[in-house]
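The values are calculated or read from the model by the stated rules, or taken from the named source; none is laboratory data. The model shown is predicted, which means the values in this text are computed figures rather than measured ones. Please note: Cβ atoms are built from the backbone with ideal geometry, for glycine as well, and neighbour counts cover all protein chains shown.
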Amino acid sequence: MLPLSLSRLPRPPAPTRLIRALDPRVPLVLKRQLVERLLNRTFAEPLAEGDFDALAGRRVCLHVEDLGVVLTLTLEGEQFLLTRDQGEATIRGGWREFLCLATRREDPDALFFQRRLVIEGDTELGLTVKNLLDSREEGLAQGRLGEWLARFERMARQED
């Protein structure tokens, strides 16, 4: 048997291309199991304390353009839920900008003022979401979500 040359092996798909290819094929029920569980665990304390009550019954769309990912979230009771409904407000940008917002690596206001993240539709609702996230001193990069964000960032750096 001839030794396999590493240069002949195909490169694995870059994380962003892989997500872009897979996301449209993932049923909403599976996305719900992953995203809802992750968000509700990450925000368990502020949800229980009513910090997100201003979002009750409202729909906010997160559009990660370069990944082709669109998630619309609503709040029912003390739980975030993914919905098929159209968002009243959309926060749109690239995955790096959302990562900076989540990890607080950059000032959230700067991301919006520089138009790296854009709010469309009900801007008051979009700003409410931004301010709620901004009020979390440690950002979202904690616990399991933080681990996933760090892994994704490392994989994406290899892609560059």
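Scanning for something in a loop (DSSP other than H, G, I, E, B), touching a residue at least 40 places away in the same chain (Cβ under 8 Å) and at negative phi, does the range 92-101 turn up at least one residue?
Within the range 92-101 (the criterion being in a loop (DSSP other than H, G, I, E, B), touching a residue at least 40 places away in the same chain (Cβ under 8 Å) and at negative phi), the answer is no, since none of the residues qualifies.
Can you tell me which of (1) outside any strand (DSSP E or B); (2) within 16 Å of V29 (Cβ to Cβ) is the one A110 doesn't meet?
All conditions are met except number (2).
Do we find a residue being in contact with an Asp or Glu (Cβ under 9 Å, 6 or more places away or on another chain) and either assigned to a helix (DSSP H, G or I) or not aliphatic (A, V, I, L, M) (or both) anywhere in the range 17-26?
yes
Consider only pairs whose beta carbons are under 8 Å apart and that are at least six residues apart or on different chains; among these, list those whose first residue lies in the range 49-61 and is over 15 Å from N131 (Cα atoms) and whose second residue is polar (S, T, N, Q) and part of a loop (DSSP other than H, G, I, E, B).
Cβ pairs passing all conditions: R59/T83; R59/Q86; C61/Q86.
Looking at (1) more than 16 Å from V35 (Cα to Cα); (2) among the polar types (S, T, N, Q); (3) without any contact (Cβ under 8 Å) to a residue 60 or more places away in the chain, which is the only condition T74 fails?
So T74 meets the others, but not (1).
Could you tell me which numbered condition V129 fails, if it satisfies all but one of (1) out of contact with any Gly (no Cβ under 8 Å at 6 or more places or on another chain); (2) under 30 Å from P27 (Cβ atoms); (3) without any contact (Cβ under 8 Å) to a residue 60 or more places away in the chain?
Just one mismatch for V129, condition (3).
Of all residues in the range 34-84, how many are buried (at least 17 other Cβ atoms within 10 Å of the Cβ) and assigned to a strand (DSSP E or B)?
So the answer is 14.
Restricting to the range 63-83, and then to whatever is of a type in the set (A, V, I, L, M) and touching a Ser or Thr at 6+ places or on another chain (Cβ under 8 Å), can you tell me which residue is farthest from L18 (Cα to Cα)?
Checking each candidate, the answer is L81.
Of the residues that make up the range 86-93, is at least one at pLDDT below 95, basic (K, R) and either closer than 25 Å to R151 by Cβ or loosely packed, with under 15 Cβ neighbours inside 10 Å (or both)?
No - not one qualifying residue is present in the range 86-93.
Please find, among R105, R151, R116, the residue that is touching a Gly at 6+ places or on another chain (Cβ under 9 Å), surrounded by fewer than 16 Cβ atoms within 10 Å (Cβ to Cβ) and at pLDDT 70 or above.
Exactly one of R105, R151, R116 is touching a Gly at 6+ places or on another chain (Cβ under 9 Å), surrounded by fewer than 16 Cβ atoms within 10 Å (Cβ to Cβ) and at pLDDT 70 or above, namely R105.
What's the number of the condition L81 fails, among (1) at pLDDT 95 or above; (2) within 15 Å of L117 (Cα to Cα)?
(2)
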